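Engineer: Got a structure for you, questions after.
The values are calculated or read from the model by the stated rules, or taken from the named source; none is laboratory data. Not measured: the values here are computed from a predicted model. Counting neighbours? That spans all protein chains shown, and the Cβs are built from the backbone with ideal geometry, glycine included. Quick note on the areas: whole protein, heavy atoms, side chains included, nothing else; ligands and nucleic acids left out. Shrake-Rupley method; radii C 1.70, N 1.55, O 1.52, S 1.80 Å.
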Number of protein chains: 2
Amino acid sequence: MRLTFLGTGSAGGVPLWGCDCTVCTRARIDTSVRRLPNCAVLEAGDVRLLIDAGVMDIAERFPAGTLSSILITHFHADHVQGLFHLRWGTGSLDAFAPHDADGCADLYKYPGPLNFTHLSKFETFCVGDVRITPVPLVHSKPTLGYCIEYKDAKLAYLTDTRELPPATVSFLKEWRPHTICLDCTYPPGVEGKRNHFDLNEAIAIGADYPDSNMVLMHISHHLDEWLMTHPTIETEKFSIARDSEFIDCPESI
Amino acid sequence: MRLTFLGTGSAGGVPLWGCDCTVCTRARIDTSVRRLPNCAVLEAGDVRLLIDAGVMDIAERFPAGTLSSILITHFHADHVQGLFHLRWGTGSLDAFAPHDADGCADLYKYPGPLNFTHLSKFETFCVGDVRITPVPLVHSKPTLGYCIEYKDAKLAYLTDTRELPPATVSFLKEWRPHTICLDCTYPPGVEGKRNHFDLNEAIAIGADYPDSNMVLMHISHHLDEWLMTHPTIETEKFSIARDSEFIDCPESI
């Protein structure tokens, strides 16, 4: 089971439009360190799931018939903006999402080929042979994480969130994923009300899951700047996601 | 004064995702006949105006500091979707738009560098030496056309609309633009309630403005398909806009 990161950035990605910080300036020259907004694709057997649609060329990357379904974590624009264009097309594509009466802009009014299904937390469903359990997260809009299982492979995809609710923690501890992909938007010590984890919080969460590799994503230019002066933060257990990189979860253990 | 079309398509552009019609199939092979969603850039003297933002890589096409302002015709996603990403950036950019309490998604809530100004019809304003008069159109959301003037050059940009209100007609007849860029989404004879012009309507409107060149835009795959079997529709007066093409309006007459 393979997860490929298409976009590992926070809302504005890297480089941020108009930003002259070291990280954004570098990313304008070296495209390999750019971060698009949140998006990933999970492939297992015959199933190909898109997770969020923050990249804006979904229709070109995935011609009709090449995706099994879409999993939407929540309806902030940086997670669904790639669907605005695609939904004027034809055909049929299931899009699983949290209960959110508003959705985003007119996606519900003109869904086109998108068949939205609103999920209930912890109610497992299947796409082909892939089992998916939505788990609640805590954000400024209704948000679900996805625990995805194929044969013995288990991966949890958890963004955007400022905490893991107790029920989600209990589920994860019982479920014991091989990999947890976790929101880690900020460097350590950002003050004020936040809707995302910082690095210290993400590391503390990792300690609760000794069997899981932690892959940090939804990364802001602030965290990338901090990482430039702390290059040894990555370990066997903790890694920083990068656009176009992939993770393979073993299907037999 | 030069207008360059960045996107001449209707909401879903050409090719439509999943569509196997002749036009959409051709556009997947021959990228020169693709149509992105609505977007244009107007250049006059030192001024560079973006008109709508249907193309989704605005932040890459126009680095910070390269646009003078944005003119928004209305807040349907296919006209503003390129702003979702850019607005997480830094700096300041004026965005002129019709009065629309809803906007689109959370653009008003998190405008970032975009300074939205809501315009009143027929109240002329200036960006540098460019004079702009917003004129009312008739659509399913509050919508303005823009009559743009620099020295002796005059261009009217009129999309999306199903009719020209009498006050707009009076203004245009008095103003006598060199070029009218007009919504022409459909081929002749499309039945039912519509929010856009068809070709017969666009041609009829052209007859009312004998001094103006008519450039038809916001084109659907249906109209492109009709045009394949009616290749002689273009005349000295009527032309069909294409992505990346430009129009020069004479600045002295």
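Engineer: Rounded to the nearest Å, what's the spacing between the alpha carbon centres of the stretch A:184-253 and the stretch B:164-201? Just the number, please.
Structural biologist: 54 Å
Engineer: HN-Hα J couplings of the stretch A:81-95 from phi, Karplus 6.51/-1.76/1.60, θ = phi - 60°, integer Hz, Gly and Pro as x?
Structural biologist: After applying 6.51 cos²θ - 1.76 cosθ + 1.60, I find 4, x, 8, 4, 6, 4, 5, 7, x, 10, x, 8, 8, 6, 10 Hz.
Engineer: For the stretch B:243-253, in order, what is each residue's ³J(HN,Hα) by Karplus, 6.51 cos²θ - 1.76 cosθ + 1.60 with θ = phi - 60°, in whole Hz (x at glycine and Pro)?
Structural biologist: Couplings: 4, 6, 6, 9, 10, 9, 9, x, 8, 9, 10 Hz.
Engineer: Please give the length that would be gained between residue A:251 and residue A:151 if that part of the chain were fully extended, namely 0.36 nm times their separation in residues minus their C-alpha to C-alpha distance (nm, one decimal).
Structural biologist: 35.5 nm
Engineer: Take the solvent-accessible surface of the protein heavy atoms, probe 1.4 Å, and return the percent of it on the protein assembly as shown that carbon and sulfur atoms account for.
Structural biologist: That fraction is 50 percent.
Engineer: Additional query: Among the residues of the stretch B:3-25, which ones have their accessible area go down by 20 Å² or more when all the protein chains sit together, as opposed to their chain alone (1.4 Å probe)?
Structural biologist: Output list: B:11, B:12, B:16, B:17, B:18.
Engineer: Skipping prolines and chain starts, which residues have an amide H placed within reach, meaning under 5 Å, of the one on residue A:116, given they are 5 or more residues away or on another chain?
Structural biologist: Close amide H contacts, sequence-distant or interchain: A:95.
Engineer: What are the distances, in nm and sorted shortest first, from the label point of residue A:245 to the label points of the same position in each other copy, with each label point placed 7 Å from Cα along the Cα-to-Cβ direction?
Structural biologist: Label point to label point, same position, other copies: 4.7 nm.
Engineer: Just to confirm the numbers: residue B:208, label point 7 angstrom along the Cα-Cβ line, distances to the other copies in nm, shortest first?
Structural biologist: Copy-to-copy label distances for residue B:208: 6.5 nm.
Engineer: Right, next: To one decimal in nm, how far is residue B:65 from the same spot in the other copies, if labels go 7 Å from Cα toward Cβ? Please give the shortest first.
Structural biologist: 4.8
Engineer: Next question. Here is the link list: A:109/B:193; A:121/B:109; A:141/A:237; A:173/A:237; A:121/A:193. Which ones come out longer than 19 Å on Cα distance?
Structural biologist: A:121/B:109; A:141/A:237; A:121/A:193
Engineer: Is the stretch B:8-127 rounded, prolate or oblate when judged by the Cα gyration tensor, a ≥ b ≥ c being the square roots of its eigenvalues, rounded requiring a/c under 1.5 and prolate requiring a/b larger than b/c?
Structural biologist: prolate
Engineer: Please sort by residue number the trypsin sites (Lys or Arg not before Pro) in the stretch B:156-253 whose DSSP state is loop and whose Cβ has at most 10 other Cβ atoms within 10 Å.
Structural biologist: Here the trypsin sites (Lys or Arg not before Pro) that fit, given the DSSP loop and packing criteria, are B:193.
Engineer: May I ask you to list the GluC sites (Glu not before Pro) in the stretch B:98-183 that are in a DSSP loop and have at most 11 other Cβ atoms within 10 Å of their Cβ?
Structural biologist: Qualifying residues, ordered by number: B:123.
Engineer: What is the Cα centroid distance between the stretch B:36-103 and the stretch A:51-110, reported in whole angstrom?
Structural biologist: Answer, in whole Å: 22.
Engineer: Sticking with this one: Please list, in chain and number order, the residues 5+ apart from residue A:6 or on another chain whose amide H is under 5 Å from its amide H, with Hs placed from the backbone.
Structural biologist: The list, which skips near neighbours in sequence, is A:39, A:40, A:41, A:244.
Engineer: Per residue, how big is the convex hull of the stretch B:103-179 when only Cα atoms are used? Give it in Å³.
Structural biologist: 101 Å³
Engineer: Separate question: Please report the antiparallel percentage of DSSP beta bridges with both residues in the stretch B:147-215, rounded to the nearest 5.
Structural biologist: 35 percent
Engineer: Something else about it: Quick one: pull the percentage of alpha-carbon pairs in the stretch B:47-109 with a separation above 12 Å.
Structural biologist: 67 percent
Engineer: The stretch A:182-253: which GluC sites (Glu not before Pro) are DSSP loop and have at most 11 other beta-carbon atoms within 10 angstrom?
Structural biologist: Here the GluC sites (Glu not before Pro) that fit, given the DSSP loop and packing criteria, are A:191, A:236.
Engineer: Next question, about the same structure. Under a 1.4 Å probe, what is the accessible area of the stretch A:1-85 per residue, stated in Å²?
Structural biologist: 29 Å²
Engineer: Report ³J(HN,Hα) in whole Hz for each residue of the stretch A:7-17, in order, from the Karplus equation J = 6.51 cos²θ - 1.76 cosθ + 1.60 where θ = phi - 60°; Gly and Pro get x.
Structural biologist: Going residue by residue, I get x, 10, x, 6, 3, x, x, 10, x, 6, 4 Hz, with x marking Gly and Pro.
Engineer: Could you sort the residues of the stretch B:99-120 by number and keep only those whose accessible area is reduced by 20 Å² or more in the all-protein-chain setting relative to the chain alone, 1.4 Å probe?
Structural biologist: B:105, B:106
Engineer: Of the residues A:14, A:130, A:190, which exhibits the maximal mean-square fluctuation in a Gaussian network model of chain A defined by a 10 Å Cα contact cut-off?
Structural biologist: Checking each option, the largest mean-square fluctuation is seen for A:190.
Engineer: For the stretch A:2-243, what is the Kirkwood hydrodynamic radius in Å, using each pair of distinct C-alpha atoms?
Structural biologist: It is 18.1 Å.
Engineer: Grab the DSSP H runs of chain B that are 4 residues or longer, score each as -39,500 (n - 2.57), total them, divide by all residues and round the 222 nm result to the nearest 500 deg cm²/dmol.
Structural biologist: Helix-only estimate at 222 nm: -4500 deg cm²/dmol.
Engineer: Take every DSSP beta bridge whose two residues both sit in the stretch B:2-243, then give the antiparallel share in percent to the nearest 5.
Structural biologist: Bridges in the stretch B:2-243 are about 50 percent antiparallel.
Engineer: How big is the protein assembly as shown by the Kirkwood estimate over distinct Cα pairs, in Å?
Structural biologist: For the protein assembly as shown, the Kirkwood estimate is 24.1 Å.
Engineer: Also: Could you tell me the total accessible area buried at the B-A interface, probe 1.4 Å, in square angstrom to the nearest hundred?
Structural biologist: Chain pair B/A: roughly 2500 Å² of buried accessible area.
Engineer: Sticking with this structure for a sec: Zone of residue A:94 (label point 7 Å along Cα→Cβ, backbone N under 17 Å): which residues in the stretch A:118-158?
Structural biologist: A:118-135, A:146-151
Engineer: Please give the contour-minus-distance gain from residue B:170 to residue B:110: 0.36 nm per residue of separation, less the Cα-Cα distance, rounded to one decimal in nm.
Structural biologist: 17.8 nm
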